[in-house]
Amino acid sequence: MRLKNWIRHNRDIFRPDDFRYLLKQVTGTPEEESLVLSRDQLSRLDRIKESYADGVPLSYLLEKEEFWGLEFLMSPAVLIPRPETELIVEEAIRIIKEKRFCDILDLCCGSGNIAVSIEKTLGIQIRMYASDISFEALRVAAGNRDRHHCTVRLVQSDLFSAFKPDSFDLVISNPPYVASCDISPALAEPYRAFAGGDDGMDYLLKIIDQAVHYLRRGGYLVMEMGSTHRGRLSPYIFAHDSYRIEGWIKDYAGHWRGVVLQKRQR
Ligand SMILES: C[S@@+](CC[C@H](N)C(=O)[O-])C[C@H]1O[C@@H](n2cnc3c(N)ncnc32)[C@H](O)[C@@H]1O
């Protein structure tokens, strides 16, 4: 079959950017409509089309997603990385460089996209750790670590439970922070990667409470959050009195996306 004909029959099933990306990944070209599809290409496209129509995200069907300019292996065991998470990675890298930090933890690492991106950018000047409660997620993270020739140390841990106090200079985390009532029953990604309790803040508050014991004095916590969380997190952090708020991270659309805290020196 000619690519042109497959496109004509199937274009409407896909979102336009997904469609272009799919054709590029399977045929090497989104535009060469005179191309004749091989038997393998045709059966792969048809299989993907059926699952996509059933609601499976393209990243799972192609088993990869791009983040920080790198290609990451994907499986339904992990959250598909979002572009806004690059903002917290950028902030963490700025701080690590400026403070010459060494021991870094990516807490709730999922596919390992944050940890691998940081290590690929900074190289061996840091010791990078990444942890998740999900063994299946850690398997994907190990694949990504090896694919990118990194040394990220992967640890299965319920938040900080597997670590010793005072171990880290900087903790970066994109934890589950979606309010339970906002999670669609048709969600294709792991529920555990999203569910942050009634208001989405359960993990954010736990991490603020616990990180103070695992950070060294003057260490940093860089954490992604939901766009509505700033107003409620702010008084909590002030009352906590263990941190100085270094700043809040906004995305290009003007939504609050993260918080940067420094553990007090005393
Ligand atoms: C929002 S995903 C983040 C994935 C990845 N870091 C990213 O930014 O794309 C949150 C991750 O937290 C993990 N998680 C949920 N509960 C946890 C817990 N109690 N301790 C550690 N990790 C947990 C989930 O398995 C999931 O991989």
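Observations on the model:
- Simple label model, 7 Å out from Cα along Cβ direction - D198 to H149, nm: 5.2 nm
- For the chain, the longest principal axis of the Cα atoms and the long axis of helix 230-240 meet at an angle of about 30 degrees.
- Dipole-positive endmost among L187, G226, V152 within the range 80-239 (Cβ charges, Cα centre): V152
- The alpha carbon centroids of the range 188-266 and the range 19-78 are separated by 35 Å.
- Shape call, the chain: gyration tensor on alpha carbons, a/c limit 1.5: prolate
- When you count the other C-beta atoms within 10 angstrom of each residue and take the mean per peptide, 20-28, 244-252 line up highest first as 20-28, 244-252.
- Highest GNM mean-square fluctuation among L35, L204, L233, for the chain modelled with Cα contacts below 10 Å: L35.
- When the listed pairs K120/K263; K164/K250; K97/K120; K49/K120 are checked against a 22 Å cut-off, the alpha-carbon distance exceeds it for K120/K263; K164/K250; K49/K120.
- Mean shadow area of the range 3-62 over all directions, Cα convex hull, nm²: 3.6 nm²
- Degrees separating the helix 135-147 axis from the principal Cα axis of the chain, which is the longest one: 80 degrees
- Here the chain carries DSSP beta bridges of which approximately 45% are antiparallel, counting only pairs with both residues inside.
- In a DSSP loop and with at most 15 other Cβ atoms within 10 Å, the trypsin sites (Lys or Arg not before Pro) in the range 100-174 are R100.
- Put in order of Cβ neighbour count within 10 Å, fewest first, the listed residues F168, F101 become F101, F168.
- Note on E90 and I133: the model spin-label points, each 7 Å out from Cα along the C-beta direction, lie 3.1 nm apart.
- Net charge dipole size for the chain [Lys, Arg +1 and Asp, Glu -1 on Cβ; Debye, nearest 20]: 640 debye
- Spin-label model distance (nm) - K250 vs C181, 7 Å beyond Cα toward Cβ: 2.8 nm
Taken together, the values in this text are just the output of simple stated rules run on the coordinates, not laboratory data. Here the structure is a predicted model, which is why all the values come from computation and not from measurement. All Cβ positions, even for glycine, are placed from backbone atoms using ideal geometry, and neighbour counts span all protein chains on display.
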